[in-house]
Amino acid sequence: MPLKVGIVFNYLQLPDVAQYPFVINKRTDEILIKKGLFVYTHSIEGFLIGIVEKIVLLNEYFSDALTIKAYNNNNNPNILKGLFPSEDFEYAIAIVRNLGIIEFRKNSERTIERISRMTYPASPGKEVYLVEKETLIDFIGLEKQDGLNFGILNSIGIEATINMDRLLNKHFSILSISGGGKSYLTSIIIEELLTREPSLGTPAIILIDVHGEYTYLKKIDELKNKIKLIDMSYFQVSVPQMGPYSFRKYQEQISHVQIRELAKVIKQLREKRDNKGYYGIKDLINCIEKESDGIKSTKQALTGWLSELDRMTIFGPQENPSLNNIVNQGELVIFNLESETSIRKKQILVDYICNRLFYLRRVQKIPPFLLIIEEAHQFCPEAAQSKALSKSIIETIAREGRKFMACLCLISQRPKKLSTTALSQTNSKLILNIKNPYDLKHLMDSSEAITKEYTEMISSLGVGEMLLMGNAINYPIFIKVRERKFKSKREAISLSSTCLNWKIQN
């Protein structure tokens, strides 16, 4: 039998189509009614389901200032309580935000047939019940089996198992302040994907690791055979894969006249049989210097710009490692940028990797993949004056990636600095604690689902609590994130121990 929790009544011009209040039944000993619980009542349209958004505790005895004054001035408040039993005047009101009307399948009390919008308020006097577990799972859109386990639903205790296709296929973002648990949550998602049964289908995972936070995964015995760790100090961008305009993207000073000169030299080198299609920037420079045609000043300027690129030591005659050889289903490739300090070099590397991955996926050379980009605001900023080399391709994957099963995850501690174009295309958002009002406003601007009420809830989230909203589920839910299966040694390192170790070493 469903558990009755209260009665709908009139309070502050409610109920209306969006909300209704109910007086909490004091005899509900089985469960404590609290914020976040899902309840339903019978309206003229059917079963009206909603979520408890606010609880107000009232006591008519203490609503008058003179009564409170008399209570405080009395030397023996117990006598006053005997004459006026104030506790009997106390009652609690729950404010419910309506979510939808549910229709159950014929000959079934629990299987939901259809969910529709409500167009009529709840009726005062109607009983309110707690939504049963099976109905709630169907209503929210949780996966009953084979989903990704993120933790448990706050206030309810149901496992938050999310459908992988719904989460990944239309992209998602993980947003929080620094230290809010972004990397922790990302590690849980990676754990779920890497330990998923191969028969269920799992994409390849590519992770841009800016600070080396995920390198510990390579040391986990259960996972190490599924992980390739790439030190970006040795990564080589393939020069033969680059056209003349690719060079201009990485070196904006190259003029249109120099582009024509460069295009001619690239064509010559590609036609040479002795180099087998492999050549580097030095070969381009030598070829330009040997050219008898062309304006001398143009060639000198061009070789100067190319030499500057060559000094970055990230360009080579062939791609190393070869991306189409290291990207495999059910495996994780970590590109570790921890030792790289130049933001320009990092953006060039990320731009090249993203472009190559998207191209290889479009021509079916690599399997469907999930691309996770840490510190995404560095590589895809919002500000027009921030000329991030990698911004264009990240926005392209955000807009078009789902057509080719190229899934994207953007992780950022500053949503305001992250491209609205890219952020708005992440249909699911996993939001931990965010307090900056400018970041919260940017979230509201980039997603219609994030209302002012939700921003207030986001700013009050505790450690390990998350709001999940968007395509991954039918309605926004608050989740208590589960513990990681595999621990990182970095978690045990404190500031004081680091200071002591440094003192000993120096």
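Values quoted throughout were computed directly from the atomic coordinates according to the rules given, and no laboratory measurement underlies them. Here the structure is a predicted model, which means the values were calculated and not measured. Note: ideal-geometry Cβ built from the backbone for every residue, glycine included; neighbour counts use all protein chains shown.
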Q. How much length is gained on full extension from ASN286 to THR421, taking 0.36 nm per residue of separation minus their Cα-Cα distance?
A. 44.4 nm
Q. Where a Cα-Cα gap under 16 Å defines reach, which aspartates and glutamates qualify for LYS264, not counting those fewer than 8 residues away within the same chain?
A. ASP283, GLU289, GLU291, ASP293
Q) Expressed as cubic angstrom per residue, what is the convex hull volume of the alpha carbon set of the chain? A) 234
Q | Mean residue ellipticity (222 nm) of the chain, computed from DSSP H runs ≥ 4 via -39,500 (n - 2.57), nearest 500 | A | -9000 deg cm²/dmol
**Q.** For segment 471-487, 3J(HN,Hα) per residue [Karplus equation, 6.51 cos²θ - 1.76 cosθ + 1.60, θ = phi - 60°, Hz, x = Gly/Pro]
**A.** 5, 5, 9, 6, 9, x, 9, 9, 10, 8, 5, 6, 6, 5, 6, 10, 8
**Q.** In order through segment 92-101: 3J(HN,Hα) via Karplus (6.51 cos²θ - 1.76 cosθ + 1.60), integer Hz, x for Gly, Pro
**A.** 10, 10, 9, 9, 9, 8, 5, 10, x, 9
**Q.** Packing-based order for 56-62, 463-469, 231-237, 341-347, using average beta carbon neighbours within 10 Å, highest first
**A.** 463-469, 231-237, 341-347, 56-62
Q) So in the chain, what percent of DSSP beta bridges are antiparallel if you round to the nearest 5? A) 65
Q) In segment 332-391, what is the count of Lys pairs whose alpha carbons are under 23 Å apart, counting only pairs at least 8 residues apart or on separate chains? A) 4
Q | Amide H within-cut-off set for GLY151, under 5 Å, with H built and near neighbours excluded | A | ALA160, ARG482
Q | Cα-Cα over 23 Å, subset of LYS226/LYS489; LYS54/LYS417; LYS4/LYS133 | A | LYS54/LYS417
